[in-house]
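Input: a single structure, listed below in structure tokens.
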Amino acid sequence: MPIDHTATFPAAPDDVLAVLTDEAFLRDYAQALGARLESLESTPDGGSPRTVLRLVVPTLGVPGVFTRFVGREVTVADRRNWTTDGDGGHRAVLQVESRILGRTAAVRGERRLRPTAQGTRSTVTGEAEVDAPVVGRQAEAAVRELAMVVLRREDDVLRRWLGSPD
């Protein structure tokens, strides 16, 4: 199930990346999700910044058909490995996974931060995948919708950190 999300920010790609890899931002982001942060690792400096979060996330918003299987919360591992793209921007490989009843629900893809005249254009592309043959497509659609909610919430927190009201 494809994921495609675009947002713009009034700051240069280097500044956006600095916030996205800041531990205080990541804690604020987890709180905005209503998640409990189990662990946080951030290496913001150097040529390849990286973040690894382990969150316990409430399943509010999960379609009712799945709620009885996933319970009230799930543990999610969120890994992002960044590199420069050579055009003044940055690219991250994204891997967000949760194990539920022995099955993996994942979002895999990339995030690009590209410079624009107004600041930065952020594009997230990827796939929602669920290792469940019988309900896989329906579960992937639910994971995709949750991923879009999470991306919008992350954008809101990021704009606040960058000092932009919109």
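Quick notes
- Test: residue in the range 85-99 that is touching a strand residue (DSSP E or B) at 6+ places or on another chain (Cβ under 7 Å), open to solvent by 20 Å² or more (accessible area, probe 1.4 Å), over 18 Å from residue 52 (Cβ atoms) and assigned to a strand (DSSP E or B): no
- Remark: pairs (first residue in the range 110-127, free of Cβ contacts under 8 Å to residues at least 40 places away in the same chain and farther than 18 Å from residue 18 by Cβ; second residue surrounded by fewer than 18 Cβ atoms within 10 Å (Cβ to Cβ) and aliphatic (A, V, I, L, M); Cβ separation under 7 Å; 6+ apart in sequence or on different chains) = 110/93.
- Scanning the range 5-48 for residues being of a type outside the set (Ser, Thr, Tyr) and assigned to a helix (DSSP H, G or I) gives a total of 17.
- Residue check for residue 146: in a helix (DSSP H, G or I), touching a residue at least 24 places away in the same chain (Cβ under 8 Å) and surrounded by 15 or more Cβ atoms within 10 Å (Cβ to Cβ): yes
- Restricting 7, 77, 30, 12 to residues that are open to solvent by 20 Å² or more (accessible area, probe 1.4 Å) and modelled with pLDDT of 90 or more narrows the list to 12.
- Condition met for residue 65 (touching a strand residue (DSSP E or B) at 6+ places or on another chain (Cβ under 6 Å) and either open to solvent by less than 30 Å² (accessible area, probe 1.4 Å) or modelled with pLDDT under 95 (or both)): no
- Pair list, Cβ < 9 Å and 6+ apart or interchain, from the range 15-27 residues that are surrounded by fewer than 16 Cβ atoms within 10 Å (Cβ to Cβ) to residues that are at pLDDT 95 or above and assigned to a helix (DSSP H, G or I): 24/161
The values are calculated or read from the model by the stated rules, or taken from the named source; none is laboratory data. All values derive from a computational prediction rather than experimental measurement. When we count neighbours, we look across all protein chains shown, and the Cβ atoms used for this are built from the backbone with ideal geometry, even at glycine. Quick note on the areas: whole protein, heavy atoms, side chains included, nothing else; ligands and nucleic acids left out. Shrake-Rupley method; radii C 1.70, N 1.55, O 1.52, S 1.80 Å.
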